[in-house]
Amino acid sequence: MTGSKRCLIAGNWKMNGLLQEARDFIAAFGSNPAPESVEIALMPPFTLLHPMSAQLAEMQIELGAQNVYYEDKGAFTGSICPLMLRDAGCHYVILGHSERRSIIGESNAQIRSKLNASWLHGLEPILCIGETLEQRERGITNMVLAEQLAVLKGAPKNAPLTIAYEPVWAIGTGVTATKEQVTETHAFVHEELTRLGHDCRVLYGGSVNPGNAEELLSCPGVEGALVGGASLKADSFMQIVKAAINVAS
Ligand SMILES: O=C(CO)COP(=O)(O)O
């Protein structure tokens, strides 16, 4: 972890979590004091945003959503707009996650519209980028990442923003990128962001767990983690937060 930016450990629950599980998570996590050096955020499914909001705020854990629609309101059955997320207490919204890009077919153009709508309503997007295994093997990782980051062209320079570099082949597979791959790719992402006029945090994501968190968070250019599976249990998520505290101190 480098620089003066505050490290963020964010838990993306994906399509997991019922009300009782959320209560159990909060009860187990709640006894731990909020760290000064590390910011914590949770992105549960939409149905848990309101029920978790007040308690997470008390615990100084930021709330986020996993997606948003770009229209303000109206006849868009099944969609959730930025204002609804703000109403539920969200600060963050994950945009462009690889599962949405590949399963739902979300395009860079749609992601740009969602970025704009999020900024308009005061949300901080966590923009996910990452290459597939095939793209890495073909040696086009940087090209793919640059294309995904190009959605930031012309965006307001001071708009709140966090990037999450998540190699698709490391998501939910138990395979993590090596220290060298993480360091090299984060350096490229930071360079590209500077070129686009943005100086924001870059998180790493993909099979982050209590056993590898400290090593991954120690890589230069890594300013936090976006955690999937290991964020579902309070104990493993707290161990990752502790790893971040160690690295930050
Ligand atoms: O996609 C991820 C977070 O957004 C990573 O998921 P896993 O930590 O389960 O690999």
Per the filter on segment 222-236, residues closer than 17 Å to LEU56 by Cβ and surrounded by fewer than 24 Cβ atoms within 10 Å (Cβ to Cβ) are LEU232, LYS233, ALA234
- Task: Kindly check whether there is at least one residue in segment 224-239 that is without any contact (Cβ under 8 Å) to a residue 12 or more places away in the chain and more than 21 Å from TYR92 (Cα to Cα).
- Result: no
Any chance segment 155-171 includes a residue that's surrounded by fewer than 21 Cβ atoms within 10 Å (Cβ to Cβ), among the charged types (D, E, K, R) and either in contact (Cβ under 8 Å) with a residue 60 or more places away in the chain or farther than 19 Å from GLU223 by Cα (or both)? yes
Expected single match for at negative phi and modelled with pLDDT under 95 among THR162, THR194, THR141, THR176 is THR176
Subset of segment 184-204, residues among the β-branched types (Val, Ile, Thr) and surrounded by 16 or more Cβ atoms within 10 Å (Cβ to Cβ), comes to THR185, VAL189, VAL202
Those helices (runs of 4 or more DSSP H) completely within segment 14-91 that have 3 or more residues that are among the hydrophobic types (A, V, I, L, M, F, W, C) and crowded, with 18+ Cβ neighbours inside 10 Å are 19-30, 49-58
Across (1) in contact (Cβ under 8 Å) with a residue 60 or more places away in the chain; (2) touching a Ser or Thr at 6+ places or on another chain (Cβ under 6 Å); (3) of a type in the set (Gly, Ala, Ser), SER207 clears everything bar (1)
Flagged in segment 29-50 as of a type in the set (A, V, I, L, M, F, W, C) and modelled with pLDDT under 95, in numbering order, are PHE29, ALA34
The number of residues in segment 92-113 that are buried (at least 22 other Cβ atoms within 10 Å of the Cβ) and away from the ligand (no atom under 16 Å from the Cβ) is 0
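To keep it simple, each residue is scored yes or no on (1) within 29 Å of GLU21 (Cα to Cα); (2) β-branched (Val, Ile, Thr); (3) in contact with a strand residue (DSSP E or B) (Cβ under 9 Å, 6 or more places away or on another chain).
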{"site": "LEU193", "(1), (2), (3)": "no, no, yes"}
{"site": "HIS198", "(1), (2), (3)": "no, no, yes"}
{"site": "TYR204", "(1), (2), (3)": "yes, no, yes"}
{"site": "SER218", "(1), (2), (3)": "no, no, no"}
{"site": "GLU223", "(1), (2), (3)": "yes, no, yes"}
{"site": "LEU226", "(1), (2), (3)": "yes, no, yes"}
{"site": "SER236", "(1), (2), (3)": "yes, no, yes"}
Residues of segment 196-238 being over 28 Å from GLU147 (Cβ atoms) and of a type in the set (Val, Ile, Thr), in sequence order, are none
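The values are calculated or read from the model by the stated rules, or taken from the named source; none is laboratory data. Note that the coordinates shown come from a computational prediction; the quantities given were computed from them, not determined experimentally. No Cβ is skipped: glycine too gets one built from the backbone with ideal geometry, and neighbour counts run over all protein chains shown.
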